[in-house]
Amino acid sequence: MADMTNDDDRFIEVKVYTGGIFPGKAKQLVAQGVDGVISNGKISDNAKKILDDASIWYRDDVEPKDLEPESPEREKEN
């Protein structure tokens, strides 16, 4: 039987962590099978190692305004 997994059916769930991410939370994210993490706070070096070992991409210190979707008008400006 063919593998029914299709990359077009994948989605990204974004969770905001304002207090940062530490090893315990990083292990939970690994167990959940996430592909990536965005955090408004810092991700500790130990947590980054856990995420790196699981091939999970991450960004920390992301400002909420950077997560706002671009409007069609703004896309036209670029």
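The values are calculated or read from the model by the stated rules, or taken from the named source; none is laboratory data. Because the structure is a prediction, the values reported are computed rather than measured. When we count neighbours, we look across all protein chains shown, and the Cβ atoms used for this are built from the backbone with ideal geometry, even at glycine.
Return the residue satisfying two criteria in turn: it lies in segment 60-78 and is surrounded by 10 or more Cβ atoms within 10 Å (Cβ to Cβ) and either modelled with pLDDT of 75 or more or polar (S, T, N, Q) (or both), and of such residues it is farthest from I38 (Cα to Cα). That would be D66. Scanning segment 35-59 for residues that are acidic (D, E) and at pLDDT 90 or above returns D45, D52, D53.
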